[in-house]
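Visitor: Sending over a structure as structure tokens; questions will come in a sec.
The values are calculated or read from the model by the stated rules, or taken from the named source; none is laboratory data. Bear in mind that the values here come from a model prediction, so they are computed numbers and not experimental data. A quick note on method: Cβ atoms are made from the backbone with ideal geometry, for glycine too, and the neighbour counts reach across all protein chains shown. Each accessible area value is taken on the protein alone, full model and side chains, heavy atoms only, with ligands, DNA and RNA left out. Shrake-Rupley method; radii C 1.70, N 1.55, O 1.52, S 1.80 Å.
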Amino acid sequence: MQEKYEVGSHVFIIESNRNVTEMVVVAQQGEFYTLKFLNGGAIKLRVGRVFETREKAEEKIPGHKKTKRGYRSPYDFGI
């Protein structure tokens with residue numbers, strides 16, 4: 001189920017399939033949201049690309065795994 005966000009609420013998106021960015025909802029038109037970057041600029045995205053929390057956005061990053069280890073050897077590439 002897709003969430004509905006109010007104008008002025010803070011949401012998160014995934015940029016370049018690796019960075020999670022906080023944004024502010026400026027407007028909603030149909031299934032699209034106009035979002036404003038905190039440092040200026042704006043973008044229009046579908047509802048499915050907008051997330052309520054940073055954690056929900058991070059779960060959707062392709063190839064993202066949470067590791068409990070603090071150090072990874074360069075020889076751990078197969079894990």
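Yes/no matrix, rows are residues, columns are (1) part of a loop (DSSP other than H, G, I, E, B); (2) open to solvent by 30 Å² or more (accessible area, probe 1.4 Å):
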| residue | (1), (2) |
| --- | --- |
| Gly8 | yes, yes |
| Ile13 | no, no |
| Glu22 | no, yes |
| Lys36 | no, yes |
| Gly40 | yes, yes |
| Leu45 | no, no |
| Ile61 | yes, no |
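Visitor: Between a first residue in the range 21-43 that is closer than 12 Å to Tyr5 by Cβ and free of Cβ contacts under 8 Å to residues at least 60 places away in the same chain and a second residue that is basic (Lys, Arg) and part of a loop (DSSP other than H, G, I, E, B), which pairs have beta carbons less than 6 Å apart while being 6 or more apart in sequence or on different chains?
Guide: none
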